[in-house]
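The values are calculated or read from the model by the stated rules, or taken from the named source; none is laboratory data. Fair warning: this is a prediction, and the values are worked out from it, not measured in the lab. So basically every Cβ, Gly included, is an ideal-geometry build from the backbone, and we count neighbours across all protein chains shown.
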């Protein structure tokens with residue numbers, strides 16, 4: 001008791017001394033006062049603040065009640081100090097709050113002392129700005145950085161920045177140059193997803209195979225699409241059928257390949273695929289799926305009224321689908337692919353280095369997003385993340401197409417909006433964020449930039465999204481490795497945060513860790529649906545009469561009865577292959593309507609196919625037409641497709657040149673399964689090799705390599721359109737051939753050969 005009385009007496013004795021203001025003599029004292037910003041108060045200050053924070057005390061701030069309100073006029077000086085403190089994020093400091101109260105409510109001497117202290121706090125902060133050169137100051141108060149459990153960055157002073165898990169469904173954008181630390185940030189994020197309670201599954205698209213060495217550390221299934229047994233079909237999500245799933249999917253495919261007005265053709269092809277699948281399942285009692293290759297194979301079976309415009313739409317659909325298929329290897333060409341419901345329920349990294357074409361990459365990203373949206377269409381809204389889809393190098397996968405319309409942008413945005421409400425999260429990682437779809441960037445509420453950006457469009461985009469001032473935008477270019485700038489909309493700290501990517505240990509095992517249980521995914525190689533049906537009929541013997549009465553139309557067995565007028569046109573087609581529709585009209589003396597009716601009758605019976613070649617429309621006879629006319633099929637392999645017709649057409653066009661002595665098709669080069677489409681023997685003894693390229697640009701380098709050193713004076717690639725020609729040339733230039741061999745290679749348009757042939761015939 002005596003000890004307590006002594007302590008109280010000493011406190012009362014020294015209390016007036018503690019309240020005596022002392023003006024600072026210099027800047028050194030300012031730094032000392034600013035150090036109190038970290039809550040290192042004396043016992044007397046703690047005691048004083050405890051009393052000052054209690055408005056019920058009679059001696060409020062140690063002043064008489066008469067000194068509380070000296071004037072009703074606004075204090076401009078104090079308001080200016082508060083605004084500057086607010087701009088520098090100092091109002092969260094309890095010491096600053098105490099000084100503001102004293103500056104507002106104390107007597108004149110104490111009020112002036114408190115204001116001087118506030119000015120010294122500001123001056124000390126300005127000196128720190130000059131010392132560090134940090135354009136992103138002020139630093140965030142520690143109490144505002146602990147707003148959740150998701151650790152994004154470490155502030156430059158070492159304080160962890162944490163946000164709620166509910167920030168993930170609102171979108172995450174990670175930007176930065178190559179080698180700056182984006183991969184480390186994603187690894188750090190994935191480890192936290194694994195450690196969440198409950199764990200949050202994630203799916204990562206890895207186009208550069210950067211995450212393959214981390215598969216073991218992350219406990220992830222790594223799937224490399226370069227493997228021949230890996231594919232993705234178009235099977236619907238659980239609860240949906242093909243009859244409802246495909247009609248909603250094909251307009252999105254049409255939008256990807258830029259053929260919005262060709263959607264009707266895709267819809268008809270989808271219906272044909274559904275009918276063929278149902279027929280096969282009813283005959284074999286076995287299940288199968290539909291893939292993108294099935295849609296492509298069904299395009300020639302699409303019937304309907306023909307016109308120049310419709311032919312152009314059909315040609316555009318074929319071109320777009322062939323680009324997707326040729327640029328993705330076997331990814332979209334499988335009879336039965338990996339099950340996406342199983343993959344989205346576990347941690348998966350999809351290595352997509354072999355997916356090269358822009359249409360193919362965009363199709364993959366769009367299909368994954370669309371699948372997630374449709375699978376959660378009837379799910380209850382939630383803010384808690386269910387899974388996370390991460391796409392690396394997002395500018396290739398969700399980039400804005402040249403000439404893209406607002407509809408294309410809003411379509412992606414609507415998918416992300418629906419996913420967000422269902423708890424499906426999306427994260428985009430890119431080195432060039434200005435190439436990402438603007439609709440996607442607008443929906444990203446959490447932004448993390450790692451390292452310095454140097455492209456003006458990138459810095460301007462981030463400055464606009466993060467609300468950076470001009471000095472801060474310029475400072476984006478000087479960020480070092482693992483140095484980052486982050487912003488999370490809706491969090492306690494709503495300003496850009498200057499920090500660093502947390503440390504992530506190197507992977508323990510750098511060897512390939514591709515999981516062996518991929519065989520359990522049960523992928524099946526591709527086989528055409530018509531071939532499946534034919535094989536099933538062969539195994540069952542002759543078809544029963546009941547099969548003829550099936551309600552499902554048989555697209556593989558058209559009616560072959562010809563009227564006299566139709567037979568006349570058919571004979572003209574097989575006789576004059578290199579003739580356009582207009583030339584046939586003039587030669588046969590028919591009106592445009594008469595020719596159209598007869599042509600369409602042959603198309604509906606599957607005896608001819610319209611083949612646009614540049615601005616010309618050709619009529620290609622099928623194998624069935626030769627059978628109906630009782631003629632030998634000129635196709636070398638006795639199997640018709642557009643490529644076979646174009647090879648036959650090219651041979652007729654090349655034969656018409658005076659310098660050409662003879663032309664042979666499908667010539668063997670002496671190696672196993674090694675052939676060339678055409679070989680032209682000239683009168684001077686030279687030989688020219690020709691390869692016909694129709695839409696699908698695959699194995700061009702291998703095709704050229706097999707012709708090297710075979711004694712050909714010239715190697716010519718005959719391309720169906722200009723885009724195919726440009727892609728062939730680009731492939732050959734990047735294949736590493738020598739200059740001498742490249743000089744012997746030419747790329748020509750097949751349509752140019754046709755026009756030259758027509759010109760020679762006219763002159764003759």
Query raised in the report: Can you pull out the residues in region 719-747 that are in contact with a helix residue (DSSP H, G or I) (Cβ under 8 Å, 6 or more places away or on another chain) and under 16 Å from residue 616 (Cα atoms)?
Result: 719, 720, 721
Report summary line: Note: among 93, 54, just one is outside the structural domain of residue 476 (by TED's automatic domain parsing), under 20 Å from residue 157 (Cα atoms) and modelled with pLDDT under 80, namely 93
Requested in this report: Quick one: which helices (runs of 4 or more DSSP H) lie wholly within region 232-349 and hold at least 3 residues that are surrounded by fewer than 19 Cβ atoms within 10 Å (Cβ to Cβ) and out of contact with any helix residue (DSSP H, G or I) (no Cβ under 8 Å at 6 or more places or on another chain)?
Outcome: 263-284, 308-326
Report task. Determine whether region 426-436 contains at least one residue that is in contact with a helix residue (DSSP H, G or I) (Cβ under 7 Å, 6 or more places away or on another chain), over 27 Å from residue 378 (Cβ atoms), surrounded by fewer than 19 Cβ atoms within 10 Å (Cβ to Cβ) and modelled with pLDDT of 80 or more. Result -> yes
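Out of region 696-727, which residues are part of a loop (DSSP other than H, G, I, E, B) and surrounded by 22 or more Cβ atoms within 10 Å (Cβ to Cβ)?
Selection gives 697, 720.
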Query raised in the report: Which condition number in (1) under 22 Å from residue 297 (Cβ atoms); (2) in a helix (DSSP H, G or I) is the one that residue 215 fails?
Result: (1)
Query raised in the report: Can you find a residue in region 148-155 that is in the same structural domain as residue 185 (by TED's automatic domain parsing), closer than 30 Å to residue 449 by Cα, touching a helix residue (DSSP H, G or I) at 6+ places or on another chain (Cβ under 9 Å) and assigned to a loop (DSSP other than H, G, I, E, B)?
Result: yes
Query - Complete set of residues in region 350-405 that are more than 12 Å from the chain's Cα centre (by Cα), crowded, with 24+ Cβ neighbours inside 10 Å and closer than 18 Å to residue 255 by Cβ - result: 372
Query - Residue that is nearest to residue 562 (Cα to Cα), among those in region 609-627 that are over 39 Å from the mean Cα position of the chain (by Cα) and buried (at least 19 other Cβ atoms within 10 Å of the Cβ) - result: 625
Report task. Determine whether residue 173 is in contact with a strand residue (DSSP E or B) (Cβ under 8 Å, 6 or more places away or on another chain) and not in a helix (DSSP H, G or I). Result -> yes
Requested in this report: Name the single residue, out of those in region 625-643 being closer than 15 Å to residue 577 by Cα and not in a loop (DSSP other than H, G, I, E, B), that is modelled with the lowest pLDDT.
Outcome: 642
Query raised in the report: Does region 176-212 hold any residues that are without any contact (Cβ under 8 Å) to a residue 24 or more places away in the chain and not in a helix (DSSP H, G or I), and which are they?
Result: 197, 198, 199
Report summary line: For region 569-583, the count of residues that are touching a helix residue (DSSP H, G or I) at 6+ places or on another chain (Cβ under 6 Å) and within 20 Å of residue 751 (Cβ to Cβ) equals 2
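If you scan region 464-503, which residues turn out to be in a helix (DSSP H, G or I), surrounded by fewer than 18 Cβ atoms within 10 Å (Cβ to Cβ) and within 27 Å of the chain's Cα centre (by Cα)?
464, 477
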